[in-house]
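The structure appears right after this line, and notes come after that.
The values are calculated or read from the model by the stated rules, or taken from the named source; none is laboratory data. Quantities reported herein were computed from a predicted structural model and do not represent experimental measurements. Every residue, glycine among them, receives a Cβ derived from its backbone with ideal geometry; neighbour counts consider all protein chains shown. For accessibility, only protein heavy atoms count, side chains too; no ligands or nucleic acids. Shrake-Rupley method; radii C 1.70, N 1.55, O 1.52, S 1.80 Å.
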Amino acid sequence: MMIRIFITAVLYLIALLTQAQGNSIQENQLVPEPSFTIKVMISQMKSDKGTVYFGIYASEKDFSNRNYMQGKKVKAHKDGVDVSFENIPKGCYAVSCFYDENDNGKMDFDSNGMPIEDYGSTNNVMHMGPTRFNDAKFEVSDKDLTFEIRF
């Protein structure tokens, strides 16, 4: 009789522990962070020649070093081009692009260091020298975003 009570108590405790573990596993499951899509458009191009390169950057350091989080390239089209960066989590970002018209895979500069191929970034802030992250940055918080970059 005592053994039967002991076995019943042990089985009852095992059942309770199993149920408690099952509940804690469900409670500890991570809810995925929302992610968003950033669409970037250029409405007009000089010609159908060449390629347009895009990069999305998550920090000032990455922007300065051209260490993009996602990169895209698309064949140029005189009526414009667009790309989408998907699965972007909440945060602060900037997008830059350049039009490699001669298709040599890089941005070309004249002997004075001035770009001879078109380039741009989100917010379309243009000034002497390279675009800064703080000028091009935007916040991703609760919805997909669309930007038009002008050369």
Spin-label model distance (nm) - Ser84 vs Arg150, 7 Å beyond Cα toward Cβ: 2.6
Spatially proximal lysines relative to Lys106 (Cα-Cα < 21 Å; intrachain offsets below 8 disregarded): Lys46, Lys49, Lys61, Lys72, Lys73, Lys75, Lys78
Largest-first ordering by accessible area, 1.4 Å probe, given options Lys90, Lys39: Lys90, Lys39
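Using Cα pairs closer than 8 Å and at least 6 residues apart in sequence, work out the relative contact order for the range 24-74, in percent.
30
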